[in-house]
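First comes the structure, then the notes that go with it.
The values are calculated or read from the model by the stated rules, or taken from the named source; none is laboratory data. What you see is a predicted model, and the numbers here were worked out from it, not measured in a lab. Here the Cβ positions follow ideal geometry from the backbone for every residue, glycine too, while neighbour counts run over all protein chains shown. SASA here: full protein model, heavy atoms, side chains in, ligands and nucleic acids out. Shrake-Rupley method; radii C 1.70, N 1.55, O 1.52, S 1.80 Å.
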Amino acid sequence: DGGSTWTDALGDMQSGEYTDIAVASNGTAYAALSSDAGGNAGIHQSGDGVNWNNITPQGFPQDFNRIVIAPAPSNPAVVYFFVTYSYTENDKSYGLWKYSNTAGWEDRSANLPDPTGEQDVEGVDTQGSYDQLVAVKPDDENVVFIGGTNLYRSTDGFVSTGNTTWIGGYSPLNDVSDYPNHHPD
């Protein structure tokens with residue numbers, strides 16, 4: 001009805017801190033609710049936005065914060081989920097999962113850039129989920145971008161570490177300077 005009335009489709013969040021929703025080009029909706037959302041925590045899929053199925057993969061950690069979602073525009077059967085599992089000064093833990101309606105789940109977390117890095121500015125750092133993104137190139141489901149204080153591009157969907165390039169954020173040339181016209185978060 002154009003937003004005049006609303007229905008709580010996934011139940012009462014109560015204490016859920018992080019949520020995200022994305023709709024694939026075929027109309028399939030995906031929602032992610034952080035682990036503090038109680039019985040509705042996890043990753044959900046819906047064909048109509050009313051009825052939702054929990055599709056959280058086996059082996060997914062029980063504790064997680066924010067999950068951001070990126071359906072592949074060129075293939076609505078493929079969706080990427082970039083997860084902050086934990087974030088403290090000494091423990092930065094992230095994951096990347098690929099979901100396909102035809103092939104199921106793939107955990108690509110081991111191929112993300114190191115969250116600690118050799119310098120203070122290297123690696124993945126979402127600043128406690130504050131600056132966290134995932135995006136897919138419109139015409140290629142395997143070109144995936146993840147970002148926090150730095151921006152990375154993988155040309156193989158993070159299947160490996162060899163095809164990932166640091167393309168923005170802090171400059172790898174000199175510890176804390178920025179790339180031209182970039183702000184790290």
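Odds and ends about this structure:
- Single unsatisfied condition, residue 74 versus (1) among the hydroxyl-bearing types (Ser, Thr, Tyr); (2) open to solvent by 40 Å² or more (accessible area, probe 1.4 Å); (3) touching a Gly at 6+ places or on another chain (Cβ under 9 Å): (3)
- In region 131-185, residue farthest from the chain's Cα centre (by Cα) [restricted to those that are among the acidic types (Asp, Glu) and modelled with pLDDT under 80]: 175
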